[in-house]
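The values are calculated or read from the model by the stated rules, or taken from the named source; none is laboratory data. The structure presented is a predicted model; accordingly, all values stated were derived computationally and were not measured. Positions of Cβ are generated from backbone atoms using ideal geometry, with glycine treated the same way; all protein chains shown enter the neighbour counts.
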Amino acid sequence: MEDFERKKHWETIYQTKELNEVSWYQPNPETSLQFFQQLEIPVTAKIIDIGGGDSFLVDHLLDLGYQDLSVLDVSETAIERAKQRLGERAKDVKWIVSDVFDFQPTTSYDCWHDRAAFHFLTKDVEVEKYVQMASKAITPNGKMIIGTFSEQGPKKCSGIDIRQYSETTMTDLFSRYFQKITCITTDHTTPFDTTQNFVFCSFRKQ
């Protein structure tokens, strides 16, 4: 899928579906929050949520006192929805409208979080660019948290193909620049009462 088509696809999704009508809807992002706790990410850390859209992670991180949050998403509609939900608190977040494949970070991050964005990059060139980008954008000893569909998870999402991962394939992919801390598998129950199996891994930038 070309970049401009990918943007159009996601804008259409967010323009035609309500918050709780998408499979990734998760009012309490407990797995991500557990990783933040386990990794002891300080509230002063510079954090970016890749493909964050209108997810609730940013709400919870603000509630926990995090002070330097950025949210990136290809869909301007998704980001506008998140801003409206947060109200006055939206001004405390940096919002970035960009396809992650086109993203050119202008700062370094202490923590890089990605739940269910990375697996939409199905071409080798896209995956490699993501790895290189993360390696340059994350500070030395910085943390990366990535959640993707596992090999027992769906093969498609929102009508388009994804790339499945295991602990091994994820670890191998990032091993040039990152040391694995831990990986877990977890089930996400969608609003439609279906189950999606994820693999979540945390890494430390070497």
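Structural remarks
- Counted residues, segment 31-73 - those being surrounded by fewer than 21 Cβ atoms within 10 Å (Cβ to Cβ), touching a residue at least 60 places away in the same chain (Cβ under 8 Å) and among the hydroxyl-bearing types (S, T, Y): 1
- I13 being farther than 19 Å from T148 by Cα, at pLDDT below 80 and in contact with a helix residue (DSSP H, G or I) (Cβ under 9 Å, 6 or more places away or on another chain): yes
- Among the residues making up segment 170-184, a single one is part of a helix (DSSP H, G or I) and either free of Cβ contacts under 8 Å to residues at least 12 places away in the same chain or in contact with a Leu (Cβ under 7 Å, 6 or more places away or on another chain) (or both): D172.
- Residues satisfying the criterion are present in segment 130-149 (criterion: free of Cβ contacts under 8 Å to residues at least 60 places away in the same chain and touching a Cys at 6+ places or on another chain (Cβ under 8 Å)).
- Each residue in segment 185-206 was checked for being assigned to a strand (DSSP E or B) and either of a type in the set (K, R) or at pLDDT below 95 (or both), and 7 of them qualify.
- V127, sole failed condition from (1) crowded, with 19+ Cβ neighbours inside 10 Å; (2) at pLDDT 95 or above; (3) more than 16 Å from I48 (Cβ to Cβ); (4) not acidic (D, E): (1)
- Of all residues in segment 53-78 being at pLDDT below 95 and in contact with a strand residue (DSSP E or B) (Cβ under 6 Å, 6 or more places away or on another chain), the one that is farthest from V97 (Cα to Cα): G53
- Exclusive hit being free of Cβ contacts under 8 Å to residues at least 12 places away in the same chain and touching a strand residue (DSSP E or B) at 6+ places or on another chain (Cβ under 9 Å), set D124, D187, D110, D114: D187
- Leading residue by the ranking (farthest from G142 (Cα to Cα)) among those in segment 156-179 that are among the aliphatic types (A, V, I, L, M) and crowded, with 16+ Cβ neighbours inside 10 Å: I162
- Within segment 146-176, being in contact with a helix residue (DSSP H, G or I) (Cβ under 7 Å, 6 or more places away or on another chain) and either basic (K, R) or under 11 Å from K205 (Cα atoms) (or both) holds for R163, F174.
- Meeting the requirement of 1 or more residues that are over 15 Å from the mean Cα position of the chain (by Cα) and hydrophobic (A, V, I, L, M, F, W, C), the strands (runs of 3 or more DSSP E) wholly within segment 22-130 are 93-97.
- For E40: the one exception among (1) at negative phi; (2) modelled with pLDDT of 95 or more: (1)
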